[in-house]
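The values are calculated or read from the model by the stated rules, or taken from the named source; none is laboratory data. Keep in mind the model is a prediction, meaning the values are calculated, not measured. As a convention, Cβ positions derive from the backbone with ideal geometry for all residues, glycine included, and neighbour counts pool all protein chains shown.
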Amino acid sequence: MKQLAPPTITSAALRVLHVAAFTTRNWTLPGSTVTAKQINDLWEAIHEVPDVLTRWSESGEEEREIERYFREYDEKWPAPTLLAIYRQARDAQTG
């Protein structure tokens with residue numbers, strides 16, 4: 001049965017979405033040298049996250065899927081470091 005992701009996962013994923021949103025906004029400011037390719041890759045990595053959070057199962061596969069998206073971006077670009085941001089936010093809640 002599909003359900004919503006656990007609160008720690010949801011909160012950590014929302015942290016990544018927040019960082020991606022303000023980072024993209026900042027990249028639109030004059031003087032930014034970021035490319036459209038990087039912006040596209042960033043949103044390619046995060047656009048599925050809300051959907052994944054709403055179809056959670058007990059298998060743990062969904063968290064691996066989210067981490068895979070973040071890792072694919074991180075392997076291409078130095079910042080923002082999506083997987084590290086996600087894990088730091090998740091781990092901060094689990095203490």
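Things worth noting here:
- Taken together, the residues in the range 48-64 that are surrounded by fewer than 14 Cβ atoms within 10 Å (Cβ to Cβ) and either in contact with a His (Cβ under 9 Å, 6 or more places away or on another chain) or on the phi < 0 side of the Ramachandran plot (or both) amount to 10.
- Of the residues contained in the range 13-22, one or more are found to be among the basic types (Lys, Arg), in contact (Cβ under 8 Å) with a residue 40 or more places away in the chain and under 22 Å from GLN88 (Cα atoms).
- The set of residues from the range 52-69 being more than 11 Å from the chain's Cα centre (by Cα) and within 16 Å of HIS18 (Cα to Cα) comprises just one member, LEU53.
- Within the range 42-81, the residues that satisfy the criterion of being farther than 24 Å from LYS2 by Cβ and of a type in the set (A, V, I, L, M, F, W, C) are LEU42, TRP43, TRP77, ALA79.
- Of all residue pairs spaced 6 or more apart or on separate chains, those with beta-carbon atoms under 8 Å, a first member in the range 74-86 that is without any contact (Cβ under 8 Å) to a residue 60 or more places away in the chain and a second member that is of a type in the set (Gly, Ala, Ser) are ASP74/ALA84.
- Selected residue (criterion: modelled with the lowest pLDDT) from residues of the range 53-67 that are out of contact with any helix residue (DSSP H, G or I) (no Cβ under 7 Å at 6 or more places or on another chain) and of a type in the set (Asp, Glu): GLU58
- Residue match in the range 24-42 (condition: modelled with pLDDT of 95 or more, aromatic (Phe, Trp, Tyr) and closer than 22 Å to ARG90 by Cα): no
- Filtered residue count, the range 12-31, keeping only those that are more than 15 Å from GLU44 (Cα to Cα) and hydroxyl-bearing (Ser, Thr, Tyr): 1
- Here is the figure for the range 23-57: residues that are in a loop (DSSP other than H, G, I, E, B) and free of Cβ contacts under 8 Å to residues at least 24 places away in the same chain total 10.
- Residue check, ALA84 small (Gly, Ala, Ser), surrounded by 12 or more Cβ atoms within 10 Å (Cβ to Cβ), assigned to a helix (DSSP H, G or I) and touching a helix residue (DSSP H, G or I) at 6+ places or on another chain (Cβ under 7 Å): no
- Given (1) surrounded by 12 or more Cβ atoms within 10 Å (Cβ to Cβ); (2) on the phi > 0 side of the Ramachandran plot; (3) not charged (D, E, K, R), index of the condition ALA45 fails: (2)
- Residue count for the range 36-53 under the criterion of being closer than 18 Å to SER11 by Cβ and either of a type in the set (A, V, I, L, M, F, W, C) or in contact with a Leu (Cβ under 6 Å, 6 or more places away or on another chain) (or both): the result is 4.
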